[in-house]
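Report on the structure given below.
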Amino acid sequence: MTTRAIFFDLDGTLLEWRRGYREILAETFESVVNELRAEWIEQYNDAFYESFEAHEPNPVRRAFTSVIGCSKSDQLAEELRRREARACHPPEGADRDLERLSADGSLGVLTNGVPEWQRYKLREHDLEQYFDAVVASYETGAHKPNAAPYRAAERRLPADTYAMIGDDGADTDGARNVGWTAYRYDGGGFGDVPAVLERE
């Protein structure tokens, strides 16, 4: 019998954003330090993406530390994590669809992100129970579409064939480059999975 593992991207796929990230970040500053300077968001974003692409430890805390004239980096990081989790939600019917899919085969999460942050969001939305493996790019030393996260996923969840569902070209291009089936998710839930994968 042929086995298949289906991996889902997290941000924008399993969890859809209901609010803009700049708004979330602005509210984080205002909540913790009771102030928001115009330059802080750009300083944070620049520092975060530099640290993130370099796979430096604690990129969120490092980014807050780099913001000039703003302290309380630990409190800011924790507040941002909470607000980020509250600002995204699973698609309608996700629990039903994931329960159905997990009964028929193996499911995993393959996400560009910091492991503890991504697992926190899964737990907050009670999704972790459906997945046999959670692979974050930080654990592999490279982000999608690099092959490393996909190869790590294969080691974590052995199967005969693999499929990737994600909302970004990095998800689907990376998957196809390593021989996986891939489906570009554009919202609407997962009711047509796995049938939609058969057409890919």
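The values are calculated or read from the model by the stated rules, or taken from the named source; none is laboratory data. These numbers were taken from a predicted model, which means no experiment stands behind them. With ideal geometry, Cβ positions are generated from the backbone for all residues, glycine too; neighbour counts draw on all protein chains shown. Areas reflect the complete protein model, heavy atoms only, side chains present, ligands, DNA and RNA absent. Shrake-Rupley method; radii C 1.70, N 1.55, O 1.52, S 1.80 Å.
I'd like to check one number: the per residue accessible area of the chain, probe 1.4 Å, reported in Å² as a whole number. I get 48 Å² per residue for the chain.
Amide H contacts for S106 (H built 1.01 Å from N in the peptide plane; partners 5 or more residues away or on another chain; cut-off under 5 Å): R4, I6. Computed over the alpha-carbon pairs of region 81-159, the distance histogram in 10 Å steps reads 18, 46, 34, 2 percent, short to long. Using the rule -39500 (n - 2.57) for each DSSP H run of four or more residues, divided by the residues of the chain, the 222 nm mean residue ellipticity is -14000 deg cm²/dmol.
For region 109-122, putting each phi into the Karplus relation 6.51 cos²θ - 1.76 cosθ + 1.60 with θ = phi - 60° gives couplings of 10, 10, 10, 7, x, 8, x, 5, 5, 5, 5, 4, 5, 4 Hz, in residue order, rounded to whole numbers and with x for Gly and Pro. According to the Kirkwood relation over distinct C-alpha pairs, the hydrodynamic radius of region 127-200 is 12.9 Å.
For Y185, the residues whose amide H sits under 5 Å from its own are G166, D167, D168, ignoring neighbours fewer than 5 places away on the same chain, with H placed 1.01 Å from N. Taking the Cα centre of region 17-114 as origin and assigning +1 to Lys and Arg Cβ atoms and -1 to Asp and Glu Cβ atoms, the resulting dipole is close to 180 debye.
Among beta bridges identified by DSSP and lying wholly in the chain, the antiparallel ones come to about 10 percent.
Each Cα pair of the chain feeds into the Kirkwood radius, which the Stokes-Einstein equation turns, at 37 °C and 0.692 mPa s, into a diffusion coefficient of 186 µm²/s. Each residue of region 45-57 was assigned a 3J(HN,Hα) from its phi angle through the Karplus curve 6.51 cos²θ - 1.76 cosθ + 1.60 (θ = phi - 60°); the sequence is 4, 4, 5, 5, 5, 5, 5, 5, 5, 8, 6, 6, x Hz, with glycine and proline shown as x.
Our note on the geometry: Cα centres of region 1-73 and region 139-161, 23 Å apart. Just the protein heavy atoms count here, and of the accessible area of the chain at 1.4 Å, carbon and sulfur take up 43 percent. Kirkwood radius, region 1-57, all distinct C-alpha pairs, inverse of mean reciprocal distance: 14.3 Å.
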